[in-house]
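This report refers to the structure that appears directly beneath it.
The values are calculated or read from the model by the stated rules, or taken from the named source; none is laboratory data. The shown structure was predicted, so the numbers you read here are calculated from the model rather than taken from an experiment. Because the Cβ atoms are built from the backbone with ideal geometry, glycine has one as well, and the counts that use them run over all protein chains shown. Side chains are part of the model used for accessible areas, which takes the heavy atoms of the whole protein and leaves out ligands, DNA and RNA. Shrake-Rupley method; radii C 1.70, N 1.55, O 1.52, S 1.80 Å.
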Amino acid sequence: WTPSSTPPPVEQPTLRPTFTPIFTNTPVKLYTDTPTETGTPEDTLTPSPEPTGVPFTVTVKYVDSSIMHPESGCNFFGVGGAVFDLQNNPFKGMVVKLEGSAGGKFYSQLTVSGTAPAYGQSGFEFALGSKPVDSSGTMTVQLLDQAGLPLSGVNTFDTYADCTKNLPIVRFEQIK
């Protein structure tokens, strides 16, 4: 009998640690902005019963979609916006939830802040169609953390077929 040689060890990759964010519940104060000096209409948001501990306010302003989509002219139906922290810095990686109905269609979509840089570093967008439609109180938007917990209340807004205000711009601002 002759001894056999020991096979060389197989190299094993080292797994990298993952990051798990820790979120805290902080109260929020929801409010409605007044129209801007340029005369751009802003929406009066109607929040649902406010969940406790949500630290973001929400405002909606309406603009002509050709500002963001000049190639489409008035042929764009969607919602855009951005998320900001306490220091008014872009807040990327937050989940934005849009639900509701307009023009006979139901929408239920999620996106993440920071995925639509045309709206800023923390921009997001929901492209809903090629023809803007009117809706009144049937669309909602909400900010969630990465675990799906609410960071804002559920806020109702309108949509317009009018080409001068067919793109709602949603601004989430951290207040605590």
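A search for C-beta distances below 8 Å between a residue of the stretch 53-74 that is over 27 Å from ASP85 (Cβ atoms) and part of a loop (DSSP other than H, G, I, E, B) and any residue that is among the aromatic types (Phe, Trp, Tyr) and modelled with pLDDT of 90 or more, counting only pairs 6+ apart in sequence or on different chains, returns HIS69/PHE76. Just one of (1) at pLDDT 95 or above; (2) polar (S, T, N, Q); (3) touching a Pro at 6+ places or on another chain (Cβ under 8 Å) fails for THR111. It is (3).
Among the residues making up the stretch 152-166, those that are polar (S, T, N, Q) and open to solvent by 10 Å² or more (accessible area, probe 1.4 Å) are THR156, THR164. Name the residue, out of PHE91, PHE124, that is touching a Gly at 6+ places or on another chain (Cβ under 9 Å) and modelled with pLDDT under 95. Only one candidate passes the filter, namely PHE91.
Filter the stretch 108-124 for residues that are buried (at least 20 other Cβ atoms within 10 Å of the Cβ) and either in contact with a helix residue (DSSP H, G or I) (Cβ under 7 Å, 6 or more places away or on another chain) or over 21 Å from THR57 (Cβ atoms) (or both) and give the result. Correct list: GLY123 only. Only strands (runs of 3 or more DSSP E) whose full extent lies in the stretch 106-170 are considered here, and the ones with at least 1 residues that are in contact (Cβ under 8 Å) with a residue 24 or more places away in the chain and small (Gly, Ala, Ser) are 123-129, 135-144. I'd like to know if the stretch 129-137 contains one or more residues that are under 17 Å from VAL58 (Cα atoms) and either in contact with a helix residue (DSSP H, G or I) (Cβ under 9 Å, 6 or more places away or on another chain) or open to solvent by 30 Å² or more (accessible area, probe 1.4 Å) (or both). Yes, the stretch 129-137 has at least one match.
With respect to ALA102, is the statement that it is open to solvent by 60 Å² or more (accessible area, probe 1.4 Å) and in contact (Cβ under 8 Å) with a residue 12 or more places away in the chain true? In short, no.
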